[in-house]
Amino acid sequence: MTPAGEKLYEFIAPFFSNLDNVAGELQGGQARHFRLGASTIVLRDHLPQLLQGVKKKFPGVKISLREGYAARLGELLAKDEVDMVITLVDRKPPAGFQSVVLLELPMILLVPKMSKLKSAEELWQRDKINEPLICLPAQELLTKMFQAKLAGLEVEWFPTIEASSTDLIETYVAGSLGLGLSVAVPKKKLPENVRVLPLKDFPPVLIGVLWRGKNTPLQDTFLDMARQRAKELV
């Protein structure tokens, strides 16, 4: 494609990517296609129940699911490739976006069960932390918040392994490849050979729904069901 063609495509892509929703609204007063992005854990453990409720209220709705971590989901939303994402959010959404906070989850440090560490504070008291840190990529909100807090404690501990999901972090910690940064998800079982060290005085992580533009009735229904699901977890 020529440079001129690429520029034209970038200009018209947002219009054509939303044609399904526009057509649905014209035909039935509501969008017939719901595009949702979320992490692997959310898609696997929580979305099936929510989407069953959506399909009961909106029979025949087409649902498209996209998987990714927070930074990737934000990109999909900005490009209008999804309608809503369930992800890590700030208390104040970016300009042009709307958000609803569903859960506040504490940060935790995952360690192999045989580790001699009794608290995370033992690490902060050392001159140098030798254990490898396993965490999400540097641009992820969880990693940024963790590193900002460490800086306030005047502690240097940089990632050795960057994983694309907290599930992978658990797997690598279970394999004794290092210590993992994660969040305490209600009712979630960890591998038998992994235990948790609380991260006292670290800020909680906010899990919520992020979207752009005016809500459709379908999106309002999904938000109501997501809030109810969050209440059931705590």
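The values are calculated or read from the model by the stated rules, or taken from the named source; none is laboratory data. Note that the structure is a prediction, hence the values are computed from the model and not measured. Counting neighbours? That spans all protein chains shown, and the Cβs are built from the backbone with ideal geometry, glycine included.
Observations on the model:
- Residue tally, condition among the hydrophobic types (A, V, I, L, M, F, W, C), in contact with a Phe, Trp or Tyr (Cβ under 8 Å, 6 or more places away or on another chain) and under 13 Å from residue 107 (Cβ atoms), over the stretch 134-152: 5
- Being acidic (Asp, Glu) and closer than 30 Å to residue 176 by Cα is a property that does not hold for residue 75.
- Only one of 190, 206 that is within 20 Å of the chain's Cα centre (by Cα), surrounded by 15 or more Cβ atoms within 10 Å (Cβ to Cβ), assigned to a loop (DSSP other than H, G, I, E, B) and not aromatic (Phe, Trp, Tyr): 190
- Search result, residues across the stretch 129-156 that are charged (D, E, K, R) and either at pLDDT below 95 or within 21 Å of residue 88 (Cα to Cα) (or both): 140, 144, 149
- When we screen 163, 138 for residues that are surrounded by 19 or more Cβ atoms within 10 Å (Cβ to Cβ), in contact (Cβ under 8 Å) with a residue 12 or more places away in the chain and small (Gly, Ala, Ser), the only hit is 163.
- Filter pass, residue 217 being in contact with a helix residue (DSSP H, G or I) (Cβ under 6 Å, 6 or more places away or on another chain), of a type outside the set (Val, Ile, Thr) and more than 22 Å from residue 149 (Cα to Cα): no
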